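The values are calculated or read from the model by the stated rules, or taken from the named source; none is laboratory data. Keep in mind that this is a model prediction, so the values were computed, not measured. No Cβ is skipped: glycine too gets one built from the backbone with ideal geometry, and neighbour counts run over all protein chains shown.
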Amino acid sequence: MGKTSAAFETSLDELGVTVTTADERTVTAEITAAITEPAVGVELDETLGASAGSLAETPVVVDPTPAALRDATTGVTEATLGVGDYGSLVLSMTGRASELVSLFVNRHVVVVRAADVLPDMDATIQSLHERFNRAGGSAIVATGPSATADMGELVKGAHGPKTVHVIVVEEAE
Amino acid sequence: MSKADELRHLMRTEGAAIAENTQGFNDGRYDSVADLEDYEELKQAARDIKEDAIERLPELLDELTETVEETGGSVYIADDAADANAYIREVVDDRDADRVVKSKSMTSEEIEVNEALEADGVDVVETDLGEWVLQVADEAPSHIVAPAIHKSRESIAELFNEQFDPEEPLETAEELTHFAREKLGEQIIDAEVGVTGANFVSADTGTMALVTSEGNARKTVAATDTHVAVAGVEKVVPTVADLHPFVELIGRSGTGQDITSYVSLLTPPVETPVVDFTDDETPLSAFDNDRAFHLVLIDNGRLAMRGDDQLRETLYCIRCSACSNSCANFQSVGGHGFGGETYSGGIATGWEAGIEGLDVAGEFNDLCTGCSRCVNACPVGIDIPWINTVVRDRINRETDTSAEWLVDGLTPDEEDEGAPLQKRFFGNFETAAKLGSATAPVSNWLADTTVARRAMAWGLGIDPRRDLPTFERETLRDWVAARDSVVTDPDRRAVLYPDLYTNYVQVERGKAAVSVLEALGVDVVVPDVPSSGRAPLSQGMVATAEDHAQRVSEALGPYIEDGRDVVVIEPSDHAMFQREYEKLVDESTFTDLAEHSYEVLEYVYGLVENGADAAALSTGDGAEIAYHSHCQQRTLGLEAHTAAVLEQCDYDVVTSDVECCGMAGSFGYKSDYYELSMDVGGRLRDQLEADGVDDRPVVASGTSCLEQIDALLERHPRHPVELLAP
């Protein structure tokens with residue numbers, strides 16, 4: 001495991017975000033282990049590529065109806081980048097409704113490639129600067145579960161997910 | 001209600017929750033920024049970006065407008081609140097919306113868009129949990145980041161149970177949050193228009209950054225098809241890359257979080273499909289994303305602030321709340337006391353003066369004591385005390401004065417006839433001190449008589465519960481003039497600056513300083529130098545302060561040229577030479593004095609580091625003491641020097657870490673603020689009376705601090721230099 005990946009996992013741990021690692025062959029099994037059903041998701045081919053397997057091999061309902069989304073406990077999406085020193089995940093906002101799947105659920109399971117974990121926030125914003133200037137678009141830099149301190153003390157799970165689980169996909173050896 | 005009554009009421013009803021929360025944020029800030037290796041570099045980068053953006057604002061607004069329109073959005077630059085509201089009402093009306101959901105936005109509160117939309121019969125729902133609590137309670141925010149900071153969990157539970165009558169009474173924060181989430185969740189998915197603020201907007205791509213933690217801003221955008229973002233024109237930055245330092249600093253500086261849960265970087269209209277949340281047949285991706293986006297940028301006085309050399313810095317503000325949380329007075333009264341129509345905390349004076357006018361800023365501006373603890377906390381390096389001083393000066397000049405006859409003899413500075421009586425008295429304390437000393441001890445006896453105290457309370461607003469300074473008949477300069485130096489072959493030569501208090505009131509610390517310096521081989525002179533101008537500056541009498549600064553520079557200049565260092569005992573005067581004079585005298589004069597002046601214990605530290613023999617000083621033999629540094633001294637980074645010298649001289653030192661003692665020069669003497677001053681002081685008292693500290697003799701660097709500690713404790717405090725005198 002590289003230095004950045006190690007820092008990433010430490011950061012996630014400090015945020016109370018659980019982590020498992022997988023390779024392309026085991027990623028669907030790790031997803032199945034990480035979800036609490038009912039689960040919905042967005043297919044993983046955007047950053048992982050087709051070789052990483054498909055959510056069709058898991059109990060996750062891909063491209064659910066809005067009603068199914070609202071009934072779901074878990075949402076599974078990819079992150080396009082990770083941020084090593086903060087444990088942040090860069091979530092995309094595409095026409096496949098990844099924003100809804102990652103937000104309107106209690107548990108968010110995020111899959112990110114180890115190679116996409118950048119060392120720090122500076123590199124991350126720089127990468128987004130280039131992406132937005134090249135192709136436009138939007139992203140969410142998500143760090144830990146949603147939270148509020150507005151009700152007198154810190155509560156995890158405000159409008160968004162209460163728990164986050166990250167699956168880091170390393171290159172198969 | 002009088003000012004004192006108003007503040008007393010706030011402290012009693014909201015003070016406990018405010019104190020706990022703001023101090024928690026403030027402690028969190030110290031911890032969080034300590035983890036940033038490049039904290040100072042990030043602050044400088046943030047500052048540079050803001051300076052550049054405001055400098056190039058018209059051009060950036062043009063670029064932003066072009067990019068947003070290219071990506072399918074609309075930009076409207078509104079002159080004022082009414083203009084902005086008219087536009088937003090039209091958007092909402094065109095969409096035929098019954099409900100507007102909002103995420104937290106100070107700018108939308110500034111323009112009071114909720115009231116404007118509600119007048120049209122639109123249901124406006126705040127989705128930030130804190131804002132929603134206030135909407136239900138019909139109360140105003142008390143903090144720019146955590147708006148319901150003044151409400152305890154118990155009071156929120158009581159409010160919800162009363163308003164909504166849930167089946168099971170709500171009690172825990174978790175239950176309250178869950179209840180609000182469910183209730184608001186239903187309203188969000190049923191709304192047509194989502195209103196957000198924007199923390200930053202990049203001109204290159206039209207990307208806006210929204211810094212949030214609850215996820216409500218994400219839902220507000222995702223679940224509605226019409227997005228209205230409301231922001232001040234000052235929120236534009238040149239590029240996406242420029243967001244970097246702000247993303248790292250904003251959460252840390254405010255609530256002490258390394259980063260908030262979500263930083264949304266949106267280039268609207270977003271691609272997320274607009275779904276019907278009741279649909280159980282159509283897959284999410286089959287819905288289209290027919291979305292509208294309106295960026296409403298608000299001037300409302302900002303462009304005039306941009307042209308105002310003194311208020312311009314306000315526009316660099318990123319609304320992080322560091323100046324609120326680090327402010328000792330804010331920690332006691334919160335934003336309902338220390339705030340205007342919309343904004344609160346130290347920087348609010350700039351915002352309210354620029355947006356609402358001096359009358360609104362004048363309602364709370366006195367609560368900035370100039371302690372400067374916000375200066376280093378501000379992620380964009382705004383000189384917030386200076387903005388408060390300038391606005392106070394402008395308010396003074398606008399306000400009519402009365403009873404001028406009483407103050408005539410005490411305020412010879414004719415250029416400041418604009419300042420109110422009380423401010424002129426404190427601002428010209430030099431005159432009172434000279435007179436008091438010349439006639440001591442009669443002046444002290446007279447000043448303490450009931451009749452005199454009543455007259456002071458009535459005419460000058462000096463609180464009768466305060467002990468007045470006792471003037472010494474023999475001043476420090478008299479004492480020095482009557483003795484011979486013990487140094488024959490000096491290693492260094494210095495001017496000991498005879499600040500007002502050291503010269504007339506706390507003469508003992510001046511004598512101690514002379515002895516200490518001479519023991520370390522320094523030739524000391526104590527010439528006649530005017531007072532620094534700190535007193536008039538605190539009262540907003542900038543012209544008088546400039547005059548002092550000029551005369552002080554002229555008096556000290558020849559000594560510096562002659563190779564003497566300037567040693568200053570009173571930290572608030574030292575801070576004048578190091579910080580405020582930059583605004584009051586020309587650059588080379590400022591630099592010359594700043595480079596050659598030292599706080600007395602900083603100087604002792606330097607002497608010993610450079611080979612002077614500390615053994616010549618009196619030592620403590622391990623004696624336990626408590627040290628309270630001075631707010632402005634800490635801002636200059638000079639607290640550690642005193643602690644180090646005391647430790648070197650074999651004292652066992654514990655140090656307080658409250659932001660300010662609460663006295664703050666004349667502040668604590670004023671009837672309006674006496675109780676607030678004592679409330680702030682209570683936090684210092686708690687530290688000095690903590691287990692293991694409660695029997696330690698107390699030393700403190702500042703005159704005000706010494707007076708305040710004297711009032712707070714049985715123990716009589718001294719200046720640290722008095723411990724070291726051989």
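Annotations
- Residues satisfying the stated conditions in segment A:91-132, i.e. out of contact with any His (no Cβ under 7 Å at 6 or more places or on another chain), under 20 Å from A:Thr58 (Cβ atoms) and in a helix (DSSP H, G or I): A:Ser98, A:Leu100, A:Val101
- The set of residues from segment B:434-465 being modelled with pLDDT of 75 or more and out of contact with any strand residue (DSSP E or B) (no Cβ under 9 Å at 6 or more places or on another chain) comprises B:Lys434, B:Pro464, B:Arg465.
- The residues listed here are B:Ala519, B:Ala513, B:Ala535; of these, the one that is surrounded by 24 or more Cβ atoms within 10 Å (Cβ to Cβ) and within 17 Å of B:Glu722 (Cα to Cα) is B:Ala513.
Residues checked against (1) buried (at least 21 other Cβ atoms within 10 Å of the Cβ); (2) within 21 Å of the chain's Cα centre (by Cα):
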site: B:Ser2; (1), (2): no, no
site: B:Glu6; (1), (2): no, yes
site: B:Glu20; (1), (2): no, yes
site: B:Val33; (1), (2): yes, yes
site: B:Glu40; (1), (2): no, yes
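- Residue in segment B:317-329 that is closer than 30 Å to B:Val193 by Cα and part of a helix (DSSP H, G or I) present: no
- Pairs where the first residue, in segment B:266-277, is facing another protein chain (nearest Cβ under 7 Å) and the second is of a type in the set (Asp, Glu) and crowded, with 21+ Cβ neighbours inside 10 Å, C-beta under 7 Å, 6+ apart: B:Thr272/A:Glu99
- Selection of segment A:133-167 for residues being at the interface with another protein chain (Cβ under 7 Å from one of its Cβ atoms), closer than 20 Å to B:Thr272 by Cα and not in a strand (DSSP E or B) yields A:Asn133, A:Gly136, A:Gly137, A:Ser138, A:Ser146, A:His159, A:Gly160.
- Restricting attention to segment B:4-39, the residues being acidic (Asp, Glu) and part of a helix (DSSP H, G or I) number 5.
- Candidates B:Gly335, B:Gly339, B:Gly354, B:Gly345: the one that is within 30 Å of B:Val33 (Cβ to Cβ), in contact with a Pro (Cβ under 8 Å, 6 or more places away or on another chain), surrounded by 24 or more Cβ atoms within 10 Å (Cβ to Cβ) and touching a residue at least 12 places away in the same chain (Cβ under 8 Å) is B:Gly335.
- A:Gly53 vs. criteria in contact with a Phe, Trp or Tyr (Cβ under 8 Å, 6 or more places away or on another chain) and either touching a residue at least 12 places away in the same chain (Cβ under 8 Å) or more than 9 Å from every other protein chain (Cβ to nearest Cβ) (or both): no
- Of all residue pairs spaced 6 or more apart or on separate chains, those with beta-carbon atoms under 8 Å, a first member in segment B:697-726 that is touching a residue at least 40 places away in the same chain (Cβ under 8 Å) and a second member that is of a type in the set (Lys, Arg) and assigned to a loop (DSSP other than H, G, I, E, B) are B:Pro697/B:Arg715; B:Val698/B:Arg715; B:Ile709/B:Arg715; B:Ala711/B:Arg466.
- Test for B:Lys50: is it in contact with a Phe, Trp or Tyr (Cβ under 7 Å, 6 or more places away or on another chain) and either on the phi < 0 side of the Ramachandran plot or at pLDDT 95 or above (or both): yes
- In segment A:18-60, the residues that are in a loop (DSSP other than H, G, I, E, B) and either of a type in the set (Asp, Glu) or under 16 Å from A:Val169 (Cα atoms) (or both): A:Glu24, A:Arg25, A:Thr26, A:Glu37, A:Glu43, A:Thr47, A:Leu48, A:Gly49, A:Gly53, A:Ser54
- Residues in segment B:117-143 that are in contact with a Gly (Cβ under 9 Å, 6 or more places away or on another chain) and more than 13 Å from A:Asp150 (Cα to Cα): B:Ala140 only.
Matching residues to (1) more than 30 Å from B:Pro273 (Cα to Cα); (2) among the aromatic types (Phe, Trp, Tyr); (3) surrounded by 24 or more Cβ atoms within 10 Å (Cβ to Cβ); (4) within 10 Å of chain A (Cβ to nearest Cβ):
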residue	(1), (2), (3), (4)
B:Ala157	yes, no, no, yes
B:Glu171	yes, no, no, no
B:Phe179	no, yes, no, yes
B:Gly185	no, no, no, yes
B:Ala191	no, no, yes, no
B:Asp204	no, no, no, yes
B:Asn216	no, no, yes, yes
B:Val228	no, no, yes, no
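- Helices (runs of 4 or more DSSP H) wholly inside segment B:82-201 containing at least 1 residues that are farther than 30 Å from B:Lys235 by Cβ and modelled with pLDDT of 95 or more: B:153-164, B:173-188
- Scanning segment B:283-323 for residues that are among the acidic types (Asp, Glu) and more than 30 Å from A:Gly137 (Cβ to Cβ), we see that the one that is nearest to the other protein chains (Cβ to nearest Cβ) is B:Glu313.
- Residue match in segment A:86-100 (condition: away from chain B (no Cβ under 11 Å), touching a Pro at 6+ places or on another chain (Cβ under 6 Å) and buried (at least 24 other Cβ atoms within 10 Å of the Cβ)): no
- In segment B:248-259, the qualifying residues are those that are surrounded by 24 or more Cβ atoms within 10 Å (Cβ to Cβ) and assigned to a loop (DSSP other than H, G, I, E, B), and the one that is nearest to the other protein chains (Cβ to nearest Cβ) is B:Ile259.
- Segment B:688-726: number of residues that are of a type in the set (A, V, I, L, M, F, W, C), crowded, with 16+ Cβ neighbours inside 10 Å and more than 17 Å from B:Gly665 (Cα to Cα): 9
- Matching residues, segment B:108-139, being within 14 Å of chain A (Cβ to nearest Cβ) and touching a residue at least 60 places away in the same chain (Cβ under 8 Å): B:Val125, B:Thr127, B:Asp128, B:Leu129
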